[in-house]
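Everything on this sheet refers to the single structure shown next.
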Amino acid sequence: MVVGTPKFLASLALLFFILRPNLGRLSHYAFDAVLLSAFLAGMKRSTGLTFKTDKVAGENKEVGKWVDKYLGVGEWVMDQSVAIAGSSGWFDRTR
């Protein structure tokens, strides 16, 4: 399915119609998941402690890839947050 085609747009509209009653709850859970991922990324940067993805994934390589992508989102959020905070006048770099 190609993005922008009528079939894709119809599928997207159907998905929105089905999920609309729970959209607030889903967005809240998504925000919490990103916040947890960013927390883990910050913990990795400040202490060097990294989350063991193989404990979650086990033998399944596909799950391991998804967990790595999830943790990558937290790294990206941390990078963007540091860049925005560093360019604003509200923060000073002390190190």
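All of the numbers you see were taken from the coordinates with simple rules; none came from a lab. Note that the structure is a prediction, hence the values are computed from the model and not measured. Note: ideal-geometry Cβ built from the backbone for every residue, glycine included; neighbour counts use all protein chains shown.
Do the conditions hold for Phe17, that is, is it surrounded by fewer than 10 Cβ atoms within 10 Å (Cβ to Cβ) and over 20 Å from Gln80 (Cβ atoms)?
Here the answer is yes, as Phe17 does meet what is asked.
Return the total of residues in the stretch 77-95 being within 17 Å of the chain's Cα centre (by Cα) and not polar (S, T, N, Q).
Going through the stretch 77-95 one residue at a time, the tally reaches 4.
Restricting attention to the stretch 28-60, report how many residues are small (Gly, Ala, Ser), loosely packed, with under 11 Cβ neighbours inside 10 Å and either closer than 28 Å to Val82 by Cβ or under 20 Å from the mean Cα position of the chain (by Cα) (or both).
Going through the stretch 28-60 one residue at a time, the tally reaches 3.
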